[in-house]
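Down below is the structure, laid out as structure tokens.
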Amino acid sequence: HGIRQLRTGWADGPAYITQCPITTGQSYIYNFTITGQRGTLLWHAHILWLRSTVHGAIVILPKCCVPYPFPKPDKEVVVVLAEWWKSDTEDVINEAIKSGLAPNVSDAHTINGFPGPVSDCPSQGGFTLHVEKGKTYLLRLINAALNEELFFKIAGHHLTIVEVDATYVKPFKTDTVLISPGQTTNVLLFADQKQGNYLVTVSPFMDAPIAVDNITATATLNYIGTLTNTPTILTTPPLENATTVATNFVNSLRSLNSKQYPASVPRTVDYNLYFTVGLGLNPCPTCKPGNGSRVVASINNLTFTLPTTALLQAHYFNINGVFTTDFPANPPYVFNYTGTPPSNLQTMNGTKVFRLAYNANVQLVLQGTGIVAPENHPIHLHGFSFYAVGRGPGNYNPMTDPMKFNLVDPIERNTIGVPSGGWVAIRFRADNPGVWFLHCHLEVHTTWGLKMAFLVDNGRGPNQSLLPPPIDLPKC
């Protein structure tokens, strides 16, 4: 997740997009380079809901003798945030698909695999981060949760944000981090408080009328030398619907934009795209709990249908009948996207991609809708990082909003939260040939069809063309 995969889309991973899934007893070698990349990223299974437990960190260190653009930490610690179900997650989503309703929420959140004390759950003590007074720690935070944006907080301590999604940022201090599924955030923790134990909390953010797992995961920050019977200093996590806390954090993010780490924002636009993202309701006669309807999700009113042949293979080998290239550049139906929804909540089904010329500059506005419920959508683009040049509430105004775009030091990411009842605008250069998945990183929304793909044509010559597939590429 987040690896550039320059011309190596065969190692990108999403099932039926760039490859067929690895079946029981099969193996596959992912072969790629990380030239020009460094920072915290992650890997995870990319089929069904398997990423709930099949995930981990990817840490790319700077080149030898290249320092961090911030105070060198004394120690680095990977902190993976996730969700846990008592049930098999495949059973959870299969039951939801059968009923047409939303799946059950998770039973706990975890910090490096531990929920901390949770009612009706045997506790294993929780994760403890041991620190030494006076030293500096780099925490590499990763949100591997399936369906929830999370707040991260440590009692009595401010955190200095120095990187997101493997991109350095202008450092700023905060007591609360917002991190969406698929996102990574590096923070500096200065162990400058008195000896003691300090509570660490991970709690959900949801400012829409959507059910979430409201159980707070806890861990302990322990100053080495603290007496065993010393009580833990507590903190209160933000409210579940703390929109202001979330917005302030997102608005504080700026690219470092230094001479060594410039922000290369596309200044011109070749493709100006406008995608609505949200939910819908389609007929389902067998969905009795849903009263004959099924909740779906879509981009530009298209609920994406996964093919049985991987898109990249179909593109490379010119296999007809797998996909079409007529994905709409704009919403097919115009309405008040964040206001009163239309009377018809149905979506279209299809396997469509949007074709981009090599090296073209793309501006994509992602517009949330209020159909069924407005909700924050963490949208992830494979194969590229992009610049988030604008963000706002309500409906995007193409006449006035671009005048407020930040084209100097916008944050560079691979996963961006479309705010509940609002929009974001991103820009990227299509300099990576292949087929690249764009989808909501809330796994329930991906399952429901909130996904599409870009097909980027080859450029000129072999260095601007997709490499041939490896011989061990999984077969469908």
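The values are calculated or read from the model by the stated rules, or taken from the named source; none is laboratory data. Computed from a predicted model, the values in this text were never measured in an experiment. Here the Cβ positions follow ideal geometry from the backbone for every residue, glycine too, while neighbour counts run over all protein chains shown. Ligands, DNA and RNA are excluded from the accessible area calculation, which covers all protein heavy atoms including side chains. Shrake-Rupley method; radii C 1.70, N 1.55, O 1.52, S 1.80 Å.
Results, tabulated for the structure shown:
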| item | result |
| --- | --- |
| Among 320-331, 351-362, the order from most to least packed when residues are scored by Cβ within 10 Å on average | 351-362, 320-331 |
| Relative contact order (percent, whole number), segment 212-363, Cα cutoff 8 Å, 6+ residue spacing | 24 |
| Largest to smallest accessible area among Thr446, Thr268 [probe 1.4 Å] | Thr268, Thr446 |
| Qualifying trypsin sites (Lys or Arg not before Pro) for segment 39-115 [loop in DSSP, other Cβ within 10 Å: at most 15] | Lys63, Lys86 |
| Rg ratio (alpha-carbon, reference 2.2 N^0.38 Å) - segment 194-280 | 1.73 |
| R0 of 25 Å, Cβ-Cβ distance Asn359-Asn272: FRET efficiency to nearest 0.05 | 0.90 |
| Net charge over other residues, Cβ less than 12 angstrom from the Cβ of Cys287 (K, R count +1; D, E count -1) | +2 |
| Percent antiparallel among DSSP beta bridges (both partners in segment 271-464, rounded to 5) | 70 |
| Cross-link partners of Lys475 among lysines (Cα-Cα below 24 Å; sequence separation of 8 or more within a chain) | Lys352, Lys451 |
| Separation of alpha-carbon centers, segment 145-165 and segment 257-281, rounded to whole Å | 24 |
| Longest site-free stretch - the chain; sites: GluC sites (Glu not before Pro), DSSP loop, at most 14 other Cβ within 10 Å | 241-476 |
| Carbon/sulfur fraction of accessible area - segment 392-476, other protein chains in place, 1.4 Å, % | 58 |
| Under 5 Å, built H, 5+ apart or other chain: amide partners of Ile379 | Ile416, Gly417, Val418, His441 |
| Dipole in debye (nearest 20) - segment 71-252, about Cα centre, beta carbon charges: Lys, Arg +1; Asp, Glu -1 | 860 |
| Lys, Arg +1 and Asp, Glu -1 on Cβ, resulting dipole of the chain about Cα centre, debye, nearest 20 | 1140 |
| FRET efficiency estimate (nearest 0.05) - Cβ-Cβ, Thr286 to Glu76, R0 51 angstrom | 0.50 |
| Tilt relative to the chain, helix 89-99 - C-alpha long axis, 0 to 90 degrees, to 10 | 50 |
| 1.4 Å probe accessible area per residue over the chain, in Å² | 43 |
| Prolate/oblate/rounded label for segment 275-409 (Cα gyration tensor, a/c 1.5) | oblate |
| With DNA, RNA and ligands ignored, accessible area of Leu48 (1.4 Å probe; Å², nearest 10) | 110 |
| Carbon/sulfur fraction of accessible area - segment 71-252, other protein chains in place, 1.4 Å, % | 54 |
| In nm, spacing of pseudo-spin labels at Thr53 and Asp472 (7 Å Cα→C-beta vector) | 2.5 |
| Mean Cα-pair separation over length for the chain, i.e. relative contact order, pairs under 8 Å, 6 or more apart, % | 18 |
| Asp472, Asp91, ranked by accessible area, largest first (probe 1.4 Å) | Asp91, Asp472 |
